[in-house]
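To keep things clear, I will list the structure first and then write my remarks on it.
The values are calculated or read from the model by the stated rules, or taken from the named source; none is laboratory data. Since we're looking at a predicted model, the values are computed, not measured. FYI the Cβ positions are ideal-geometry reconstructions off the backbone, even for glycines, and counts take in every protein chain you see. Quick note on the areas: whole protein, heavy atoms, side chains included, nothing else; ligands and nucleic acids left out. Shrake-Rupley method; radii C 1.70, N 1.55, O 1.52, S 1.80 Å.
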Amino acid sequence: MSSPSAVSLYDARPFFEKALQHGIQHGVIGPEKIEAMRVEGPKGMVQIARYFGNEFLRPELEKARDRMVNPVSLYLESSCGGDVQRAAESLRDFSLLSRSKGGSDMLKALIAMPKNSHFGMNERGGFRDEHIPLLAKWSLRSLADYQAELARRSQVAAVVDAALWLADELGMDADELEEAGKDAEAVIRSALLVLAAGRTEMPDWPAFEKVIAALRKKHGAAPAALPVALPKKLPAHVHPAVEAVRQSVLADAPKILDAALPARALFDRSPTFMGRYFWIEDALVEVDHHARSASVAWHKLTGGNSDDGSLLTLFLCLAAGTAPKTMLSEKSATALLRKIRKSGFHPALARQHIADNAPGQHQDAYLSLWEAFVDEAQATLESDAVHSLGDALALLRRECHVRQV
């Protein structure tokens, strides 16, 4: 059985009341100070009722009493560490309204802190008039509620601060992050990868792909060695937040460094990675990058040839389902014709390839060239008449590139 000394009574009084009674009982707070509080109290209640609603309504005045006592208790208990002696001395040395304002300022600062780490969903600029209804609610909450919410929001704020710091190091400001509307954790993850690759700017998608390609080339054989580290100048107060995100990057390393996974498919289309990393969304840059990439691929496919014969030879191979070439030997041309007779002629395959891969400014011309050829040649190419093979070969010699030995 517990000894009597181990038992304590639960005291539900506001901390302000505990501190005041302690101060009176121990001579810390004298009659003059008590009288000053009696004058300050009603004035403060009227001011608070006016701020939150209407000072002429009794219910509002009754709430105002609680909204004054509670912030005073909050401020005293928090600033004095729950020590009633120190709290009594604070009541002695300062006005009651100053202690109430101290608690109110604590609540305003709490309300102005970010609620989540998603940029664009948090308001900047501190406490404003539209936050008054929230202050009305929080002015009636307990110290435990305040401390729990402060701890949660402090963690969020550290993540947001870390993302802002890293983005600034990579040339991106807060307004741009807010406009982007992404999670701070995603910004941190990408920044750590960018720094690990030795880059100095927050990337758009093409640059982000290059970052991943560089990391895969250098560290793909050893994902555990991915050099994701905390920046040397990172502010100390955000170290724990960044370290937690860094660990998530290290956990992602095997997939990030897997060259068999196309970067776009992994980062932008995989359910577990979508939104997990950040890059600057710039439609013009991506369109330009796509156009340049398509141009390079098309140049490689055509070998740089853009004459009608080379293009028709290429399109014909695509429609026949054979490897694309811009020139055929007599033997390969004959084999291609036999394949058409056996497996069919599919002009739509060439049309689709043009639409997917040809430079945009030339697509209409290429499609017109191909359609004209199909209209003239399809019947001959698909004919199984006795002399049709020779006729088809003659057609290819005239319209395409067929090398005669």
Rg/Rh over Cα atoms for the stretch 339-401, Kirkwood Rh, comes to 1.03
Starting from the Kirkwood radius over alpha-carbon pairs of the chain, derive D by Stokes-Einstein at 20 °C in a medium of 1.002 mPa s and give it in µm² s⁻¹.
-> 76 µm²/s
Going by average Cβ neighbours within 10 Å, how do the peptides 103-112, 167-176 rank, with the highest at the top?
-> 103-112, 167-176
Reachable lysines, given that their alpha-carbon falls under 30 Å from the alpha-carbon of Lys325 and they are not under 8 places away in the same chain = Lys300, Lys339, Lys342
Find how much the distance from Asn54 to Arg341 grows on full extension, using 0.36 nm per residue of separation minus their present alpha carbon separation; answer in nm with one decimal.
-> 94.2 nm
Cβ-based net charge around His346, under 12 Å, with every Lys or Arg adding one and every Asp or Glu removing one | +1
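For the stretch 81-157, run through the chymotrypsin sites (Phe, Trp or Tyr not before Pro) and keep only the ones in DSSP coil with at most 15 other Cβ atoms within 10 Å of their Cβ.
Phe94
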Leaving out same-chain residues fewer than 8 places away, which lysines sit with a Cα under 17 Å from that of Lys63?
-> Lys43, Lys101, Lys137
Kirkwood hydrodynamic radius of the stretch 19-83, from inverse mean 1/r over distinct Cα pairs, in Å | 13.0 Å
Cα-based equivalent ellipsoid, the stretch 191-232: semi-axes from gyration tensor eigenvalues, Å = 17, 14, 6
Determine how large the accessible area of Leu369 is when every protein chain is in place; take a 1.4 Å probe and give Å² rounded to the nearest 10.
-> 40 Å²
Per residue, what volume in Å³ does the convex hull of the Cα atoms of the stretch 49-180 enclose?
-> 124 Å³
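Given Cβ point charges of +1 (Lys, Arg) and -1 (Asp, Glu) and nothing else, what value in debye, to the nearest 20, does the dipole of the stretch 38-169 about its Cα centre take?
Numbers: 19 positive and 18 negative charges, 97 e Å.
That gives a dipole near 460 debye.
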Straight-line reach from Lys218: which aspartates and glutamates have Cα under 14 Å away, leaving out those fewer than 8 places along the same chain?
-> Asp258
Cα long-axis angle, helix 184-196 against the chain (0 to 90 degrees, to the nearest 10) = 60 degrees
Taking all pairs of distinct alpha-carbon atoms in the stretch 133-185, Kirkwood radius in angstrom = 13.0 Å
Percent of Cα-Cα pairs per 5 Å bin, from 0 to the last occupied bin, for the stretch 1-121, please list those.
-> 2, 10, 17, 19, 16, 13, 10, 6, 4, 2, 1, 0
Heavy-atom accessible area order for Glu55, Glu32, Glu77, largest first, 1.4 Å probe | Glu32, Glu77, Glu55
Using only protein heavy atoms and a 1.4 Å probe, report how much of Lys255 is accessible, in Å² to the nearest 10.
-> 100 Å²
By how many degrees, between 0 and 90 and to the nearest 10, does the Cα long axis of helix 84-93 differ from the longest principal axis of the chain?
-> 80 degrees
Amide hydrogen neighbours beyond the local backbone of Asp183, cut-off 5 Å, H modeled = Phe119
